[in-house]
Amino acid sequence: MSMTAGAAMNLDTDDFLARYWQQQPLLIRQAVANFVPPVSSDELAGLALEESVESRIIESVGGNWQLFHGPFSESDYTRPNPWTLLVQAVDHYVLEVAQLRKLVDFIPGWRVDDVMVSYAVDGGSVGPHYDNYDVFLLQGEGRRRWQIGQHCDANTPRLPQDDLHILCDFDVQAEYVLEPGDMLYVPPGVAHWGIAEGECTTFSIGFRAPRIDDLVARFADALLATHAQGEAFFRDSNLEAAARPGEIRVQDIARMRAQLRAALDQAVDERWFGELVTEPRYDAMPAEDELAESLHTLHAGATALFLAPESKLAWQATDNGIDVFANGASRSFSAGILELITTVCGEWELRDVMFASARDNAEQCELLCYLLATGCAYVE
């Protein structure tokens, strides 16, 4: 299958973004025609045996759900009740799974979280639940029946199993059976429930959004770092005489809000945002000896650079050039690296003349070294 979004994805992206993205679910029949899953159920089970891979099994026992954390052994795959294996961030380990992210590359790349892959036996399910992120559910092997429910929020009643987030009530509003290559988009807060009909696998392309409280905290840190606020104080010139001792009055609160808004409106170094949204879920920094070897290879005969599947890479144009964000770090470059960084982000590699030219250009080579140092890329 081709992995360019326009060729491989059966979707009108403009219509999707206008009518469905973060608004309502959408079933996309044969989103990927003739889809061949890039990882099999056996390969997925093998990944879940590894210590470094995050995995879970959810087993349905008489209408209740039990959660088990990996790594697993082969005996864990023999169970008397319907069960589901979920393996997180499979795109970090299998390049062909990472390529599935290109199906939805019309969404800004910094919004992507990972590609989780699940395997379920007949009747396997994780129960009725909702998520706080957008997800594209691409059917791999077999068939899965999906039910779409009500809109939920933090106040929606859930069973007393904090790790599972299973809803007490589920109001079925739509139902679909997905075949290989079919895809279901589910926006944040929409309840959904998938049940395997026979053995099946599902590829879940998830998109994360930063929490508002994290945005506020990081913005405040940047504001305080940019503008020393220690000598700035609340002011109340033209003060009205107090009529009732001890009262905090409406006009006092209004003054406070006005001065706080003025403080928040000050210019801030906005790199904090790119650093926040590119922070990796797992440690991505190379060891010192690995980095030294990569830098040596870069200068001593490498012919190509490749973006690491687990990397979080983004860039932002500024008045002074380009800020590049790599696995939570940031560095500023001139606008001369624009073509290079857009190629790396879009193609996931540099080869031939473009790679050689970048290696021979001082600033562009600095960018390549930065990508190696942050664990975003490797060379061969």
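A few notes on this one:
- Listed here are the strands (runs of 3 or more DSSP E) enclosed by the stretch 1-75 that have at least 1 residues being at pLDDT below 95 and of a type in the set (A, V, I, L, M, F, W, C): 55-61, 64-69.
- Matching residues, the stretch 142-155, being out of contact with any Gly (no Cβ under 9 Å at 6 or more places or on another chain) and either over 11 Å from residue 193 (Cβ atoms) or open to solvent by 50 Å² or more (accessible area, probe 1.4 Å) (or both): 150, 154, 155
- Strands (runs of 3 or more DSSP E) contained entirely in the stretch 288-380, each with at least 1 residues that are open to solvent by 40 Å² or more (accessible area, probe 1.4 Å) and in contact with a Leu (Cβ under 9 Å, 6 or more places away or on another chain): 313-318, 329-333, 349-351, 377-379
- Residues within the stretch 310-323 that are farther than 11 Å from residue 275 by Cβ and touching a residue at least 24 places away in the same chain (Cβ under 8 Å), tallied: 4
- Residue 259 vs. criteria closer than 26 Å to residue 213 by Cβ, surrounded by 15 or more Cβ atoms within 10 Å (Cβ to Cβ), free of Cβ contacts under 8 Å to residues at least 40 places away in the same chain and among the polar types (S, T, N, Q): yes
- Residue check: residue 17 meets all listed conditions (1) open to solvent by 60 Å² or more (accessible area, probe 1.4 Å); (2) touching a residue at least 24 places away in the same chain (Cβ under 8 Å); (3) in contact with a helix residue (DSSP H, G or I) (Cβ under 9 Å, 6 or more places away or on another chain) but one, namely (3).
- The set of residues in the stretch 43-76 that are out of contact with any strand residue (DSSP E or B) (no Cβ under 9 Å at 6 or more places or on another chain) and under 21 Å from residue 199 (Cβ atoms) comprises 43, 46, 61, 73, 74, 75.
- Extreme residue, nearest to residue 116 (Cα to Cα), among residues of the stretch 179-213 that are surrounded by 13 or more Cβ atoms within 10 Å (Cβ to Cβ) and at pLDDT below 95: 208
- Filtered residue count, the stretch 297-320, keeping only those that are of a type outside the set (S, T, N, Q) and closer than 14 Å to residue 342 by Cβ: 5
- When residues of the stretch 57-107 are limited to those that are among the small types (Gly, Ala, Ser) and in contact with a Pro (Cβ under 6 Å, 6 or more places away or on another chain), the one surrounded by the fewest Cβ atoms within 10 Å (Cβ to Cβ): 60
- Note on the stretch 77-191: enclosed strands (runs of 3 or more DSSP E) holding 2 or more residues that are acidic (Asp, Glu) are 112-120.
The values are calculated or read from the model by the stated rules, or taken from the named source; none is laboratory data. Quantities reported herein were computed from a predicted structural model and do not represent experimental measurements. Cβ atoms come from the backbone with ideal geometry, glycine included; neighbour counts cover every protein chain shown. Only protein heavy atoms, including side chains, enter the accessible area calculation; ligands, DNA and RNA are left aside. Shrake-Rupley method; radii C 1.70, N 1.55, O 1.52, S 1.80 Å.
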